[in-house]
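Here's the structure we're looking at; comments come further down.
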Amino acid sequence: MQLNISGHHLDITDAIRQHSEEKLVKIKHHFDHVININMILEIEKDTQIAEATLHVSGADLFAKAQSDNMYTSIDQMVNKLDAQIRKHKEKQGDHRKN
């Protein structure tokens, strides 16, 4: 799994990078065929925004979350991606049974 993190109006610190990698392990735990993840972290006024595009075999998944704290935004975004990846995995399993 390749992880690209970029920041808009934000310097990506080691702490943010480490937190993101730790949270994304949750996704890899549910689905092993993740090709790469492009994550963009940005600040707009008082809002901290985290968005990511996840490339897996057969689909591209996108999630975006915003809050007043960057770590909270990352956590919410990973939870959304996790729900999408579980749904994608179920669809693949259902497709193979038919």
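Every number here is computed from the coordinates shown, using simple stated rules; none is lab data. The structure displayed is predicted, hence computed values, not measured ones.
Worth a mention:
- Per-bin percent of Cα-Cα distances, region 1-45 [5 Å]: 5, 19, 30, 22, 13, 8, 2, 0
- A quarter of the convex hull surface defined by the alpha-carbon atoms of the chain gives 5.8 nm² as the mean projection.
- Of all DSSP beta bridges confined to the chain, the antiparallel ones make up roughly 75%.
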